[in-house]
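Participant: Dropping a structure here in structure tokens format, bear with me for questions.
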Amino acid sequence: MQDETRQIAEYWDRIAPQFDTIYTGNKNPVARLLDRWLRRDMYERFHWVVRKADDCRGQTVCDVGCGSGRFVSALAQRGARVTGLDFAPNMLQLAKALVSKDGVLERCDFVLSDIQDWKTDRQFDLVIAIGFWDYVGDPLPRLQVIRSITRDRFLSAWPRAGTLRARIRKQRLKIAGCPVYFWTEEAVTDYLSRAGFQVQSSEIYGQLYCVESKAV
């Protein structure tokens, strides 16, 4: 499992700048059009998180698997104090540059770590893990750590099992050397319950389940 985690971290570290162009749009018009079509759910999950976070002024937020910092910056701009956690150094470099450009660096901090290895006694009003469970074979240990740092709410997005795109994506990432996993709604609810969360709502956006939970 440690070998797989390292493999995934190396993959994301390698493609960090390329991945972030999905948000920046710094690519040719055809590629941008394909992103808007094939990756529509990535934009929808972003708006879902911002909507669910609502007025988060004065709240503490942790973004688990923060990537290039798009959620970190958005929530910091809404007044939250945000910690971004990721195990890919190049992703964190992009995230730090983004929050600096957006003028919210003073409300953000970053940790280079897998959530399972993070030794902390901090707790957060809101924890999010978006684009994270795609790359976790056994969610329970990491969910249990997330529960330990969650004071109130947890927002998570899970790739749906059984779709055509799931099969295509699995083959594509296998060739790229990155394992990927997909989930049923029943499995997601079961994992969250076993970790100490109660599901409040679950919405489908394209290939994703977007799930709001509360710590219990």
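Read-outs: derived from the displayed coordinates by stated rules, not from any lab. Since we're looking at a predicted model, the values are computed, not measured. No Cβ is skipped: glycine too gets one built from the backbone with ideal geometry, and neighbour counts run over all protein chains shown.
Participant: For log10 I(q)/I(0) by the Debye sum over Cα atoms at q = 0.09, 0.15, 0.17 Å⁻¹, several values are listed as [x] -0.32, -0.99, -1.33; [y] -0.53, -1.08, -1.23; [z] -0.41, -1.02, -1.24; flag the one computed from this structure.
Facilitator: [x]
Participant: Through the Karplus equation 6.51 cos²θ - 1.76 cosθ + 1.60, θ set to phi - 60°, convert the phi angles of segment 201-216 into ³J(HN,Hα) values in whole Hz; use x for Gly and Pro.
Facilitator: 7, 9, 10, 9, 10, x, 8, 10, 9, 10, 10, 9, 10, 10, 6, 10
Participant: For residue 18, project a label point 7 Å along Cα to C-beta. Then give me every residue of segment 174-216 with its amide nitrogen under 20 Å of that point.
Facilitator: Answer for this model: 174-181.
Participant: Calculate the FRET efficiency for residue 54 and residue 109 from the Cβ-Cβ distance with a Förster distance of 30 Å, rounded to the nearest 0.05.
Facilitator: E(calc), rounded to 0.05, equals 0.85.
Participant: Okay, next question. Hey, in the GNM for the chain with a 10 angstrom Cα cutoff, which one of 93, 77, 200 fluctuates hardest?
Facilitator: Judging by the Gaussian network model, the answer is 200.
Participant: Lysine pairs, Cα distance under 28 Å, 8 or more residues apart or cross-chain: how many in segment 2-215?
Facilitator: Lysine pairs meeting the criterion: 10.
Participant: Sort 176-182, 65-71 by the packing proxy (mean of other Cβ within 10 Å over each peptide's residues), most packed first.
Facilitator: 65-71, 176-182
Participant: At what distance in angstrom do the alpha carbon centres of segment 150-174 and segment 58-83 lie from each other?
Facilitator: 21
Participant: Pull up the DSSP beta bridges for segment 2-215 and report the antiparallel fraction as a percent, rounded to 5.
Facilitator: Restricted to segment 2-215, the bridges split so that about 45 percent are antiparallel.
Participant: Evaluate the distance, in nm, between pseudo-label points positioned 7 Å from the Cα of residue 47 and of residue 171 along their respective Cα→Cβ axes.
Facilitator: 3.2
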